[in-house]
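The values are calculated or read from the model by the stated rules, or taken from the named source; none is laboratory data. Not measured: the values here are computed from a predicted model. Here the Cβ positions follow ideal geometry from the backbone for every residue, glycine too, while neighbour counts run over all protein chains shown.
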Amino acid sequence: MRFRHMLASVAIGVATLASTGVKAVEIEYWQYVFDTRVKAMTQLIAKFQEANPDIKVKQTTFPYADYQTKVAAAILAGQGPDVVQLFYGWTDTFIAGKMIRPLRAEAFPSADIERDFFPIVSAMKRGNDYYGLPTAVRSLALFYNKKIFKDAGLDPNNPPKTLDELVAAAEKTTKRDGSGNIVSAGMTLDMGGQDHQWWREVLIRQFGGTPYTDNDTKVTYNDESGLKALTFYTDLQKKHKVGQTGFMDEGQAAFRAGLAAMTIDGTFRLGSFGTIKAFEWGVVELPANAQGLRSNYASYFANAITSKAEGEKLAAAEKFLKYVSSPEAMKVWMEVVGELPARRAAALTPENAAHPIYGPFLKGLEYAHTTLFKDELAQRQVAIDMVNRVIIGGEEPKASLAKAAEAEQAILDRAKR
Amino acid sequence: MSVVAHREVAAPGGLWSRLSLGQKQVIWAWGFLAVPLVFYVVIRFWPTFQAFYLSVTDWTITKPASFVGLENYKRLLADPLFWQVFRNTFMYLILGTPISLLISFVIAYYLDRVRFMHSFIRALYFLPFLTTAAAMAWVWRWFYQPVPIGVINDILSSFGIPQQPFLRSTTQALPAVLAPAVWAGLGFQIIIFLAGLRAIPVTYYEAARIDGLSEGAILRKITLPLLKPTLVFLVVFSSIGFLRIFDQVYNINTNDPGGPLNSTKPLVLMIYQTAFSSYEMGYAAAQTVVLFVILLVISLVQLRIMRDR
């Protein structure tokens, strides 16, 4: 009697297990808190679990400020995620710490990746191995305030296409008070924002140089081209007086407040600028140089598989990574987060290319460069200081550039050890 | 024989009962004291020792630590940034402590004589002390902006005075960052000064007035000497505060913390950036040890002065 009871309950138990999928493999996914990103990932996980009832994905999120430290500490302690989101610039740190594993070539053939994704994905490649794949990518573009353009007598549908046109438009749109103080800038100058990327990967190239060589471990901008790029930038304030570092605290704040005619910013700013009610704004590709050469800076958060994932969890993690870097996932991501798909085919649809806002960013992706940062904040600081020495300290651009090159090379060398 | 046997049986459990009452009390006392002691050793002292150990390694969170001797200290001494930061830290101390003490003493001295709405005014002065440093730094950050949004520059230019760069200047930035820090600390210092002033017996003043001493002489001969313990406490307290300044500096210029050109960067901010943005934990630990030594020396010197009283 008792035995039969037991048998029955075991049978029921097994049945429940099978039907509710309690036996499913559970993998953990980590990313930082950003409302739309979490929302998009929640949708993707739901869809993924529907298609793979034997896998459960648990999403964990926490503030961006502690993100890198927490991920590092958790994985090294044998805890933490199986699939993790990381900024492409952290890849070296994560590999050095044996925190992420190379993607198996059988599951993710390099040839397929290189055929389907934008070339900037190579920033995740070390040797022959890829260490992660992005869902979405971000690039830069020039935002301009149509109202200020119209008020200044410029055609709001014909934004600047070259650097010279940019300076001319900025001069026309700058407003000053009686004492010559800028009350509305023509162009924002904010090295702490995206301007350091613009200077590094765009302006230097447009003035004929290259910022780095040897996989971005050797600084090569301390030459004529670097000097011209720096002088072009600092002249916006010193010579043309169309902008001022620190005006309205931040470039994006100045633009948002309608007190700057133009600013350079990324796709990630679309959400914030999308809520502007006071004026109409437009987006255009970053201006070309006189010869028509264009460049752009692209960046992304990639998803990688951690060294913690083994056996069936590894298989599940690979399946999940495949799904979140699929065209379908990219479409969801673009709709919810507003970031551009990392696959060419998903991004370059005629519909997207003609899109007034996504279009310019997408065009930028084709010729974009991605800096392999060793310590992004420290390298950004070098650029900030370089410009401050010229603008605040009154130093010669040539001397300031040389100091910057030396300081940045020291950062790169230290990371190599 | 039976006595011996009895004792043998009792012995194993009898260690406690053989102790005298005094010994038992000591054991109990230590038993209770052990709780905070262990807590302090684990939470405070152990990490401190570990910081000393880390300062001679090249630990970077992801790379395992390996011993590098005094390499981090050598690098620190050769780092121009360190000396700049060192100067800044002492500028905060040298400017901040006397200025804040002078202002708070003057306010407390006169507030002490005010009867009308005394508590209300005192509360007003104390209010900034309750405010989060981060929130305050953000508000002041906007005060210092250039026109059209910076309040201070708007006022200046309405009087025809050229606008000042404040946070965008290598010479004005440090005093500009210091101002809100001084202002925020005032409330606390005023309260302590007021308590010190109240503690001076009124009879001294009465006697002095009967003897016809001037107010200035009363201040110099009676008030200040008797206020010395309060003063020493506030000097030590605010010195440590200014040496450890961080949140004001970090939040008033989040895009270029400690800038422009490191002109406002204190040692604590350098430690923070080395540890939590460059992840060079060993190097950061070496900086921490240096800060520890500085704080230790200054506190010892100040305690010495207090003893000489």
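Residue A:142: modelled with pLDDT of 95 or more and closer than 18 Å to residue A:361 by Cβ, yes or no? Criteria met by residue A:142. Scanning segment B:52-70 for residues that are surrounded by fewer than 16 Cβ atoms within 10 Å (Cβ to Cβ) and within 19 Å of residue B:290 (Cα to Cα), we see that the one that is farthest from the other protein chains (Cβ to nearest Cβ) is B:52.
A count restricted to segment A:177-192 and to residues that are surrounded by fewer than 24 Cβ atoms within 10 Å (Cβ to Cβ) and either within 8 Å of chain B (Cβ to nearest Cβ) or in contact with a strand residue (DSSP E or B) (Cβ under 6 Å, 6 or more places away or on another chain) (or both) stands at 7.
Summed over segment B:138-165, residues that are more than 7 Å from chain A (Cβ to nearest Cβ), part of a loop (DSSP other than H, G, I, E, B) and either acidic (Asp, Glu) or surrounded by 19 or more Cβ atoms within 10 Å (Cβ to Cβ) (or both) total 3. In segment B:62-82, the residues that are free of Cβ contacts under 8 Å to residues at least 12 places away in the same chain form Cβ pairs under 7 Å with partners that are surrounded by 12 or more Cβ atoms within 10 Å (Cβ to Cβ) and outside any helix (DSSP H, G or I), at six or more places apart or across chains, as follows: B:63/A:97; B:66/B:57; B:66/B:58; B:67/B:56; B:67/B:57. Among the helices (runs of 4 or more DSSP H) confined to segment B:228-286, the ones with at least 1 residues that are without any contact (Cβ under 8 Å) to a residue 40 or more places away in the chain and either surrounded by 20 or more Cβ atoms within 10 Å (Cβ to Cβ) or not aromatic (Phe, Trp, Tyr) (or both) are located at B:228-243, B:267-276.
When residues in segment B:108-137 are screened for being under 23 Å from the mean Cα position of the chain (by Cα) and assigned to a loop (DSSP other than H, G, I, E, B), 2 of them pass. Of the helices (runs of 4 or more DSSP H) lying entirely inside segment A:308-417, those containing at least 1 residues that are within 14 Å of chain B (Cβ to nearest Cβ) and of a type outside the set (Lys, Arg) span A:376-391, A:397-416.
Residue count for segment B:187-204 under the criterion of being polar (S, T, N, Q) and surrounded by 16 or more Cβ atoms within 10 Å (Cβ to Cβ): the result is 1. Every test in (1) in a helix (DSSP H, G or I); (2) among the β-branched types (Val, Ile, Thr); (3) at pLDDT below 90 is passed by residue B:192 save one, and that test is (3). Scanning segment A:164-176 for residues that are within 14 Å of chain B (Cβ to nearest Cβ) and not in a loop (DSSP other than H, G, I, E, B) returns A:175, A:176. Applying a threshold of 9 Å to beta carbon distances and a minimum spacing of six or more residues, or different chains, the list of pairs starting in segment A:49-72 at a residue that is more than 12 Å from every other protein chain (Cβ to nearest Cβ) and ending at one that is part of a strand (DSSP E or B) and exposed (fewer than 15 other Cβ atoms within 10 Å of the Cβ) reads A:55/A:26; A:56/A:26; A:57/A:26; A:58/A:26.
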